[in-house]
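Bear in mind these aren't lab numbers, they're just calculated from the coordinates by the rules spelled out. Predicted model only: the values in this text are computed from it and were never measured. No Cβ is skipped: glycine too gets one built from the backbone with ideal geometry, and neighbour counts run over all protein chains shown.
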Number of protein chains: 2
Amino acid sequence: MTQHPLPDTPAVLVDVAKAEANLARAQAHADKHGFALRPHIKTHKLPYFAKKAEELGAIGINCQKIGEAEVMADAGLRDILITYNIIGERKLARLRALHDRITLAVVADSAATIEGYAGAFTDSAHPLRVFVECETGAQRCGVQTPDEAVALARQIAAAPGLYFAGIMTYPPKGDPAAPEALLAELARALGEAGLAPPTITSGGTPSLYSGPHAPTVTEYRPGTYIYSDRMQVGFGHGTLEDCALSVLATVVSRPTGRRAVIDAGSKALAADTCAAPGHGHIVEYPDAIITSLSEEHGVIDLGQDSETPRVGELVRVIPNHVCIISNLFDEVWFLRDGQAPEAMPIEARGKVR
Amino acid sequence: MTQHPLPDTPAVLVDVAKAEANLARAQAHADKHGFALRPHIKTHKLPYFAKKAEELGAIGINCQKIGEAEVMADAGLRDILITYNIIGERKLARLRALHDRITLAVVADSAATIEGYAGAFTDSAHPLRVFVECETGAQRCGVQTPDEAVALARQIAAAPGLYFAGIMTYPPKGDPAAPEALLAELARALGEAGLAPPTITSGGTPSLYSGPHAPTVTEYRPGTYIYSDRMQVGFGHGTLEDCALSVLATVVSRPTGRRAVIDAGSKALAADTCAAPGHGHIVEYPDAIITSLSEEHGVIDLGQDSETPRVGELVRVIPNHVCIISNLFDEVWFLRDGQAPEAMPIEARGKVR
């Protein structure tokens, strides 16, 4: 930590060296194991780190919303996969306008979604790459069977402005072997239909180091690994020491000997829970538990009567789920050794569409 | 609902007639029962509704952050209670600058907080009104005993730039009688010390219609009542029909006969839970359950195989906890009979300091 004054609270602090070490470690792992890395920007929402990941070897980036991709394209990013069914005329018009400037890819898990892409891109100068999203256990989106995947891949391949890019999945947390068996089965079925998937893209920080295995997975899209959080540490991904983001808060009340209240509530930490107790890890008081949040208050049980922390004292909280934090604040503060904290606007924050 | 085109999804819709009916009903109740209304703006974060509440008879507004109060002052609001311990030089300087323009009040539950106010306001042209925050069961902030309240009230009354404004509490949800007994006891103790509280201010939508009782409570600060939500309906506050805010979402995937996925996840609905099952009430499919949220996906269990909703269909979701929604979006869309939806920027969104 630096001797420069810290920003007023609540504020989001990012240890840049830790974040960049997390990026570099993942890239080295991907290089060693022969799969490409396409980091998801949802966790940081900052062009700065998107570019940094590409400098380290990432082949492109992953966004979830057109609005995020627009911000990243404006900042100079040129190869963006949006892992979402893009539905409706207004979004398709924006998608087309953006694809006319850079190289996009998208996903589809229904004929209706592909019809939308086909209509919007029939006269596109360069085809839109479309992945078939396949469920591999996460119980979210995705086709359920190889037959469905083949049917959608055929529909994509037959559409003039589209190109069948391969298989995309968001795997369940836990055992990485199970989804990979399904991906291999899907790839076999597609290959037998003459539609061998050029790319098989999976994602998620929890399996980043235990999976993925080329060539079943040729591209991987982790997001949370850049900052990490209590939830990821619970999944066995590194330690609390690797967590690059914390929320700086002020103790605003000491109503009782055991209770302290900080100015970081659900508007600063979000209500997401994880396996560890409470609503975040307090670096300076590791045994204390943030027992409840209201919007602007975090209530802490110190476990026993204690003089400290005093009213006005600063504490840092490692959040349960870090991605959502980047959507709650307008800026993060970059901390670098020996330098004053630098405010970085979270440019892709709030891009809900 | 109107025939005009709806905004692209996800989007926050506000039925203005319902919101204004909720405001008017509360004001009529307060008028009838002889207590003043000072609505909390946290739920809407819009100068429009702050002014509307004052037009209907509110004596001022309640904010939680200086940043919120600054937005409201810029929009013309002139009497603002910030129900928070304001700590630290930077915030105290902003508080003083704002109080030089309008009339503020704040709270304190420690000698340290009052020392901060006293230092910043010693030469103020008009004194800063300071309430003693008292705990009445919510286990958040507030002094614990009448003796502590008397000591802090004395400290405030003795400071040149401060004025002892009375007692403030945020009561626990549930039985409104218990906190009122404590408030009466506190008022008695203060009166006996020659420091009878000019104002006794309580708050919270859950007890708005079952409490509060003048003169034990002279001012009440409800927030959520303007929009209401599933949580408030669970507390017995009106019905789902009274809920003025909903999140418009598009069905983006139908992976199975029973499962649908919408483009509203925790970034649009927040992860807050309530007594009712799932992550929000779907107006068009009241028996369906939003079983899980990731940031951009809401996963719905339809309960049985169903052709509808189809990919591309719009649904409206009444959130579990509405206040947090106003912090997630940059704008809400006002719906008025026969008029096109009007985008209203959420001017006090993200004012974390």
Q. Quick one, what does Rg over Rh come out to for chain B if you take C-alpha atoms and the Kirkwood Rh?
A. 1.02
Q) Taking Rh as the Kirkwood radius computed over C-alpha pairs, what is the Stokes-Einstein D of the protein assembly as shown at 37 °C in a medium of viscosity 0.692 mPa s, expressed in µm² per second? A) 123
Q: Return P(r) of region A:106-192 (all Cα-Cα pairs; 5 Å bins starting at 0; whole %; ordered from short to long distances).
A: 3, 16, 26, 22, 15, 10, 5, 2, 0
Q. Once the dipole of the protein assembly as shown is set up with Lys and Arg at +1 and Asp and Glu at -1 on Cβ about the Cα centre, which of A:Pro206, B:Ala181, A:Ile262 lies farthest towards its positive end?
A. A:Ile262
Q.
Give me the inter-chain shielding for A:261-273: mean count of other chain Cβ atoms within 10 Å, whole number please.
A. 5
Q: Would you grab the residues whose amide H sits under 5 Å from the one on B:Ser294? Only those 5+ places off in sequence or on another chain, please, with H modelled 1.01 Å from N.
A: B:Ser266, B:Val299
Q. Rounded to the nearest 20 Debye, what is the dipole magnitude of region A:216-353 about its Cα centre when Lys and Arg each give +1 and Asp and Glu each give -1 at the C-beta?
A. 300
**Q.** Share of pairwise Cα separations in region B:17-226, more than 24 Å, in percent
**A.** 38
Q. Which value in Å does the Kirkwood hydrodynamic radius of region B:229-291 take, with 1/r averaged over all unlike C-alpha pairs and then inverted?
A. 12.7
Q.
If packing is taken as the average count of other Cβ atoms within 10 Å, what order do B:322-330, A:317-325, B:158-166 fall into, highest mean first?
A. A:317-325, B:322-330, B:158-166
(Q) List the residues, sorted by chain then number, that are 5 or more residues from B:Thr136 or on another chain and whose placed amide H is less than 5 Å from its amide H. (A) B:Tyr170
Q: List nothing, just return the count: lysine pairs in chain A, 8 or more apart or interchain, with Cα separation under 16 Å.
A: 10
Q. Using only helices, what value at 222 nm comes out for chain A when you add -39,500 (n - 2.57) per DSSP H run of length 4 or more and divide by the total residues, to the nearest 500 deg cm²/dmol?
A. -8500 deg cm²/dmol
Q. How crowded by other chains is B:131-138, given as the mean number of beta carbons from other chains within 10 Å of each beta carbon?
A. 1
Q) Tell me, what ³J(HN,Hα) does each residue in region A:112-120 have, in order and in whole Hz, if you take phi through Karplus 6.51 cos²θ - 1.76 cosθ + 1.60 with θ = phi - 60° and put x for Gly and Pro? A) 4, 5, 5, 4, x, 4, 4, x, 7
**Q.** Sorted largest first, extent of region A:285-353 alpha carbons per principal axis (Å)
**A.** 45, 35, 18
Q | Phi to ³J(HN,Hα) by Karplus 6.51 cos²θ - 1.76 cosθ + 1.60 over region A:62-75, Hz, x for Gly, Pro | A | 10, 10, 10, 9, 4, x, 5, 5, 4, 4, 5, 5, 4, 8
(Q) If I fit a long axis through the Cα atoms of helix A:16-33 and take the longest principal axis of the Cα atoms of chain A, what angle between them do I get, 0 to 90°, rounded to 10? (A) 30
**Q.** Compactness of region B:240-345 - radius of gyration and Dmax, Cα, Å
**A.** 13.6, 40
Q: Find how many whole Å separate the alpha carbon centroid of region A:94-138 from the alpha carbon centroid of region A:201-275.
A: 31
Q) Quick one: which of A:342-349, A:66-73, A:204-211 comes out on top by average Cβ neighbours within 10 Å, and what's the full order, highest first? A) A:66-73, A:204-211, A:342-349
Q) Per-residue HN-Hα couplings for region A:209-223, Karplus 6.51 cos²θ - 1.76 cosθ + 1.60 at θ = phi - 60°, whole Hz, x for Gly and Pro? A) 9, 8, x, x, 10, 6, x, 4, 10, 9, 8, 10, 10, x, x
Q | Kirkwood estimate for region B:1-134, i.e. one over the average of 1/r between Cα atoms, Å | A | 16.5
Q.
Give me the inter-chain shielding for A:241-249: mean count of other chain Cβ atoms within 10 Å, whole number please.
A. 0
Q) Sequence-distant or interchain residues sharing an amide H contact under 5 Å with A:Leu37, placed H: which? A) A:Ile59, A:Tyr220
